[in-house]
Structure formats: C-alpha cells, structure tokens
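Participant: I have a structure here, written as structure tokens, and I will follow up with some questions on it.
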Amino acid sequence: MVTVREELPGRLNELSVVTTGEHAAETQIDLVAWLERIEQLNGQPLDWLKQASHCALELELNSAVKHRTNAFAMGVGMADILAHLNVDEHTLVAAMLYRSVRQGLVELSTVEEKFNDDVLQLVQGALAMGKLSDLIEQNEHLEDHFNNNKREHLTGIYKMLISVTEDVRVVLIKLAERTYSLRQLNNASKERQERVAREVLTIYSPLAHRLGIAQLKWELEDLAFRYLSPDRYKEIASLLNEKRTEREQYIQSVIAHLKQELERNDIHAEITGRAKHIYSIYRKMRSKNLSFDQLYDIRALRVLVNNVPECYHALGIVHQMWRHIPHQFDDYITNPKANGYRSLHTAVIAENKSLEIQIRTHAMHQEAELGVCSHFNYKEGEKRTDQRFNHRLHSLRSVLENYQERKESQPEHLNDEDEQDQENLQDFEGFEKIYVFSRDGDIKELPRDSTVLDFAYHVHTEVGNRCYAARVNQRYVPLTYVLKTGEQVEILTKKDREPNRDWLVNSLGYIKTARARDKLRHWFRQQDRTKNIDVGRETLHKELTRLAIHPKSIDLNDYVNHFNVKTGDDILVALVTGDIGLHSLMNQINKQMHLDADEPELVLKPTLNPRASHTLSAHGILIDGLDNVELHIARCCQPVHGESIGGYITLNRGVSIHKIGCADYLRMIENESERGVEADWEMQPTRGQSVQIMVEAYDRRGLLKDLTQVIFADHVNIRQVNTLSDNDGIANLKLLIEVKGLAQLSKLLARLEQQPGIISARRLVQGS
C-alpha cells in the first residue's frame, strides 16, 4: 500500500530568515530534483507546477515580511501529499500557490493571469475553507466540544466545512494543509501541539474518513495521537513489534493465499485488507476495555462475494485454511444489527498472527456504504444519520474514486465577473446553507439569507420573542442583519420584551425563514384574546363603515364553517393574526348577502308569503300582499340590493323602501305599525341601484378624468357628479352611480382608493 509520508529534500523546508545566494541556489537544485520525482509519480510533464514552484520560491526569497509558516515550504509539502493521491496538475498548482496567496505574497489576479480559471477557483475555494478553519480554531468555546467529543457539534463542523465548496479538490487541498501542519509541530509549544492535534483528530481525520481517503486518515490520526498521548503512543508502537511495511506485506500475502483457495472453489471474490494503525488500536482498546493481547483485528480482510450462499461457503473455506479463534464469530446476516448492517465476522490465526475477516455480498457492502448503516456512521457510532449530508459526502467520495473520468468530462469554468465571484466565495455566499456559531460555540445550520432574528428563533422560541438586540463578532448589528457562514452570533434579550408585528412584514426583512415566521405567528395567536378581538372588531367595523353597512347587519357566526373556526370571535382573532385576510372575509360577506351577480347559485331566494303576487317592479322588489303599487327608494338610507329591507305605506307616494336598521323607518313603524309591510329583493335586480359615493382626494388636473375611467372600467353607470375644491387643495367629489349590488360597490371603492392622490372613497348615505 502506498503511503503519503515521503521525506522531502531537507533544504526545501529550511529557508533561513536571511537567505544567502548560495543557499538560494541549493534550494533551486533541490526543487528541481523534487519536481522530477513528482513528474515520475504523475507520469506526465508538469510545466505549470514548475512555474508555480519557482514563482512561490522567488516570492518567499524576496519577501520582507516573515510569517510563522514558510509559504513555499508548505506549498511543496502540500503538493507532495496530493501527488500521492493522483490528483491533476491544476490541484497541485493550487496547493503550491495557496499559502502564498493567503499570506499576501501574490495576488489572485496574478494567479488568473499566469494560469487559468480552474486554478483560480481552486485557490479561492481553499481560501474560503482556510478562512472558515481559522474561525473554528479561534473559537474558544469549541475547546469543550473537542475535549468531550460532542458529536452533534462536531457533525456541524463537518457540514460547515463541506458547505463552502462543491469541488472535492478543495477539500483535498485543505486536508493536505492540515497534514503538513501536523508534521511540522515538533518544534511548536506543547499547548499549540495539543490544540492542533485535537482539531485534526475531531474534525479533519473524520472528514478524510468520510471521504474514503484512508492514507490521510491514518497519518492524521496517528500524528495527532502522538502529540496528545505520547507515552501511550510509544507503548502501543512497541507492542506491535513490527514496522508498518511488514504488516502491509503480511496482508498482501494472506490476500493472495485466500484468493487462490476461493478461485479453486469457483468463488470469484474481491478481497481488500488493511493493517490497523496505532490510533485505531488505542481507540478499540479504550472503547471495549481490552488489552492488546485481546485484540484480534489488528490486521483485517474484507471479502466481497456475489450472493449469500457464497458468503457461508467462503466462511467454511476460511475456517479450513486457518484455525478459528473461539468466541470470535458473529453472524450479522442471519441476525442483522439494529441499523441494518449485515456481514459475517470471524477471527483466525493465519501464519501465526491474528487476523479478522469480514465476508459479505456486494449488495450488503453497497447497503453499508449508502444506507443508514453507512460505513462511517457505523464506525463512528452515529445513532442518527443526515441522509442529505451523507449523500453529498458519498458523491464527493465517488468523484474522488473516479477522478480521471470527471477531469476529462468536466467543462471549463465560465469566466464571468471574477471579482464579484471572488468576493462571494470569500463571504461564503451562494450556498444553500450557512453555518454560524452561537455564543457558546455551538454550530447552527440555517438557510441562506437568514437574519439574526431567524437565528434567535432557531435557538429557542423564547429567545426570539424576547430579542431586542444582537451582536455579530462582538459588534452590534440590526435585527435585519443577514448572517454569513462562520460568524459568531449573540442574542440579547429582555424579560419584558415582546415581538413586533412589523417582523411579519416581508418587505422589512426581519424574518426570512418559514420556521421563525410560524413561531412568531403562533405567539400572536396566543396573546390576550380580548385584545385581539377588540382590534379585529375595529378593523372589521372600519371596512363596513367604508361600505356604509351597519355592523349589526353582519353575524360572524354565519361564516364559522367556511373558515373552520368555532365562534365569530375566532374570526376576529384570525383577522389580527393574519390567518384570515380582511379581503377574504368581505368576499364571504358579499356571498352570504347574495350580492355576487356572477354566481347565480348563491342568489338570495325571497322568503315571502307564497300568496304574494310576485309582481316585478322597476326596482326588483317584492311586496308581501300587495300588487301593482307605486314603489320608491327612501332617500334617508338608500338600500342596495341584498340588504335587509322593509316597506312603509305612505299617504300619497305608495310604498317607501327602507333598510331594516334605518332610524326613520324604525321611528315610523313604532308610531304606526299597521303601515309596515314585508318586502324583499327579487332573485336578480332588474336594473342597477342608485348609490351615492364620496371621494376625497388631493386636487389636481385630470383627477375627474382618471376617476371616471376607473368607474367605467368596472361597467358602472354614472348618473350625476358634483365636485367641490377647497382652498387647502382638497377636492370632494360626490358621484351618483348605479351598481348591481354591494359586491360591485365594494370592489369599486377599493379600486378608487388605490388610485394616486385619493384620500378616501366611501358610500354616502343621508346624514353622513
């Protein structure tokens, strides 16, 4: 097995603070030798890598500012690591230049000019991930998560790192950087060694494991373990009593022997193996409380066959070849684990050494890789899985395994607005999710464009309800501030603070997520019911007054079934919380009063005495018990088709028609009740009813023309117009129009009020 740990030419890592010409010349010679070795490993000329290497060396030699890390040396180390992963030249070039760009030795424009857009995108992605890595390292609150190995927070860090790039090569560059940094910690302080080692062990080695990069995973874990527990590391290393290369040779030997025996029995299997590294041994000893002698899986094989019978056949062959270790057999095919994992596990003594063998079908292996019992979740002890995230990681792993095919088929990146793209990448914009730190260092995943108020409701409902201010990265920001990945957010609360209804207004930008909006609406629904009822009744009365409809003529209990509520007061509350729109309610009132001419099925049926003559008058009114009488509409109330009406027999003008709630009508009926008669509207009005409306507007030229055009557009006839302009620039227009009902009148008044310069538009009745 190929290992990435290669000793680089020493002088490439030893550029002195004051570099002499002789030293520089020696470095150039060593660089040439290293480039030749990388070209042999890659199998093709690497002209761009040569150019990038000499450029990085020249910049480092000429730099007047000295950094803690040598940019050129780190570039060589990262490129050397990636070369053993068989990446393309663009990735090697980006790795070589990344640190120089980060330290300000070279500009991104220079990278784009000397190389291509693909290299530029890789460097930008590495910068974004590097920026995020610095934020993680600087967050002191994460120290507790590292020490306690809190998986829910560590998984958030994995997601945060993955979120800033869609290109697996960027992740590889970052892993290479962490690997090289870990190699160079020998001379660092004990505190920094432990800090970096914990970060690598809890974040980057699991990330390499999830991406299937075993070579980097093993080295990262072993190096980190050496810094965190040097004594324990040396103890286990001495117990192994053999070198890694010898262990790998042993694995290759038993693979060859087993494959020969299986083929002899007509079983075509895929066999892979690995020698367990030091940290993995330590972790198993600690988790299962075992001694070194009790470990039988220091060396392991995995056998993949075509079907279940071949699994058991292969198991029998294994036990015939080597002696089985008692009590070290598990049949997870017959008895699968709770997470669905299926496989045969056995341990044998092969060539005088303990060896664990796992046997499963290709389908079982595929299920373990992709399902709820995926390999990394099983190994890391996850109880729950994020299917979306796991799928994304598997996609990255697939890209890694089939990288050459991807490179050949991938189109060139489009070159549009590079400066803007760079800025977006640096701010982690353009991604589906953002990841931010709470005050305590917890990582929260939010949708893109989330505000600090969205974050507050994400933390807890009460935090959002009582929020009055917020700080991002220790500075105060407005509640409409849009968060970016990597920022640390602190929400300030007060006990007596209550949410503001303005937060629900989309245009103001307080809330962007549906989760926060639902929580806020729920809070308003739970507030003082009496207060909401009063506010809702006031809102409804205001609209009814505009239409000159008496509030007592409306019974909200008639609409409870339609809006799926229990009482009429619930409708008033829903008007305040926004669950029921005022426009929707008014439409139902129009329908309930049978004013919608376009829906004949909802037209009012006269509730008259069957003996009524049904004489059609000019006004479309039916009089109970009277026929062929003179009718006229009372000017005191001017009822409109659909409103409750009654008749009064006058002395010389026939029957006058009033609204039931008209004060004059009630007075006359009280005095002479025998003159009152029942009246109602016919099925359909024979003609429009005359209604007087009042429009108040700012006076201007062409005002009347604009209003009449709106009225004509609704097919409403104008019978009379009176206008009066005051000295203060306010014009009052009285219009006598003909409408077919209250529904048409309501729509017309609403349209008039929407016109520019209109103060109000309302129905006018006598005395108003």
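The values are calculated or read from the model by the stated rules, or taken from the named source; none is laboratory data. All values derive from a computational prediction rather than experimental measurement. In this analysis, Cβ positions are derived from the backbone assuming ideal geometry, glycine residues included, and neighbour counts consider all displayed protein chains.
Participant: Among the residues of the stretch 320-333, write down those that are over 13 Å from His345 (Cβ atoms) and either in a helix (DSSP H, G or I) or in contact (Cβ under 8 Å) with a residue 24 or more places away in the chain (or both).
Facilitator: The answer is Gln320, Met321, Trp322, Arg323.
Participant: Touching a residue at least 40 places away in the same chain (Cβ under 8 Å) and within 26 Å of Asn587 (Cβ to Cβ): which single residue out of Val739, Val677, Val716 fits that description?
Facilitator: Unique residue meeting the criteria: Val739.
Participant: Further, regarding this structure: Considering only the stretch 734-748, I want to know if a residue exists there that is within 23 Å of Val640 (Cβ to Cβ) and assigned to a loop (DSSP other than H, G, I, E, B).
Facilitator: First, the residues of the stretch 734-748 that are within 23 Å of Val640 (Cβ to Cβ): 734-748.
Filter again for assigned to a loop (DSSP other than H, G, I, E, B), leaving 740-741.
Among the residues of the stretch 734-748, at least one is within 23 Å of Val640 (Cβ to Cβ) and assigned to a loop (DSSP other than H, G, I, E, B), which makes the answer yes.
Participant: Within the group Leu228, Leu207, Leu182, Leu161, which residue is closer than 24 Å to Leu122 by Cα and at pLDDT 80 or above?
Facilitator: Leu182
Participant: How many residues are modelled with pLDDT of 85 or more, crowded, with 22+ Cβ neighbours inside 10 Å and part of a loop (DSSP other than H, G, I, E, B) if we restrict to the stretch 639-660?
Facilitator: Number satisfying all stated conditions: 1.
Participant: Test Gln692 against the stated conditions and say whether it is modelled with pLDDT of 85 or more and under 18 Å from Arg763 (Cα atoms).
Facilitator: For Gln692, the condition - modelled with pLDDT of 85 or more and under 18 Å from Arg763 (Cα atoms) - is met.
Participant: Shifting gears a bit: Can you pull out every residue in the stretch 555-580 that is of a type outside the set (A, V, I, L, M, F, W, C), in contact with a helix residue (DSSP H, G or I) (Cβ under 8 Å, 6 or more places away or on another chain) and without any contact (Cβ under 8 Å) to a residue 24 or more places away in the chain?
Facilitator: Within the stretch 555-580, the subset of a type outside the set (A, V, I, L, M, F, W, C) is 555, 557-559, 561-562, 564, 566-570, 577-579.
Cutting the leftovers down to in contact with a helix residue (DSSP H, G or I) (Cβ under 8 Å, 6 or more places away or on another chain) gives us 555, 557-559, 562, 566-570, 577-579.
Of everything in the stretch 555-580, those that are of a type outside the set (A, V, I, L, M, F, W, C), in contact with a helix residue (DSSP H, G or I) (Cβ under 8 Å, 6 or more places away or on another chain) and without any contact (Cβ under 8 Å) to a residue 24 or more places away in the chain turn out to be Asp555, Asn557, Lys566, Thr567, Gly568, Asp570.
Participant: So which residues in the stretch 290-318 are modelled with pLDDT of 75 or more and among the β-branched types (Val, Ile, Thr), if there are any at all? Write out each step before concluding.
Facilitator: From the stretch 290-318, those modelled with pLDDT of 75 or more are 299-318; that's our starting set.
Within the stretch 290-318, Val303, Val305, Val308, Ile317, Val318 qualify.
Participant: Would you check if Ala697 is part of a strand (DSSP E or B), farther than 30 Å from Ser644 by Cβ, at pLDDT 85 or above and in contact with a helix residue (DSSP H, G or I) (Cβ under 7 Å, 6 or more places away or on another chain)?
Facilitator: Criteria met by Ala697.
Every residue, every condition in (1) buried (at least 18 other Cβ atoms within 10 Å of the Cβ); (2) outside any helix (DSSP H, G or I); (3) at pLDDT below 70; (4) not assigned by TED's automatic domain parsing to the domain that holds Ile251, yes or no:
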| residue | (1), (2), (3), (4) |
| --- | --- |
| Ile29 | no, no, yes, yes |
| Leu41 | no, no, no, yes |
| Ile81 | yes, no, no, yes |
| Arg99 | yes, no, no, yes |
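Participant: Another one. Within the stretch 538-553, can one find any residue that is among the β-branched types (Val, Ile, Thr), within 19 Å of Arg521 (Cα to Cα) and in contact (Cβ under 8 Å) with a residue 24 or more places away in the chain?
Facilitator: Taking every residue of the stretch 538-553 in turn, at least one turns out to be among the β-branched types (Val, Ile, Thr), within 19 Å of Arg521 (Cα to Cα) and in contact (Cβ under 8 Å) with a residue 24 or more places away in the chain.
Participant: Taking the criterion of being more than 54 Å from the chain's Cα centre (by Cα), modelled with pLDDT under 85, not hydrophobic (A, V, I, L, M, F, W, C) and not assigned by TED's automatic domain parsing to the domain that holds Glu643, would at least one residue in the stretch 715-723 satisfy it?
Facilitator: no
Participant: A further question follows. State whether the residues of the stretch 334-343 include one that is outside any loop (DSSP other than H, G, I, E, B), touching a residue at least 12 places away in the same chain (Cβ under 8 Å) and touching a Cys at 6+ places or on another chain (Cβ under 7 Å).
Facilitator: Scanning the stretch 334-343, I find no residue that is outside any loop (DSSP other than H, G, I, E, B), touching a residue at least 12 places away in the same chain (Cβ under 8 Å) and touching a Cys at 6+ places or on another chain (Cβ under 7 Å), so the answer is no.
Residue-wise test of (1) surrounded by 19 or more Cβ atoms within 10 Å (Cβ to Cβ); (2) in contact with a Leu (Cβ under 8 Å, 6 or more places away or on another chain); (3) not in a helix (DSSP H, G or I).
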| site | (1), (2), (3) |
| --- | --- |
| Asn186 | no, no, yes |
| Glu191 | no, no, no |
| Arg195 | no, no, no |
| Glu199 | yes, no, no |
| Thr202 | yes, yes, no |
| Leu207 | yes, yes, no |
| Leu216 | yes, yes, no |
| Asp222 | yes, no, no |
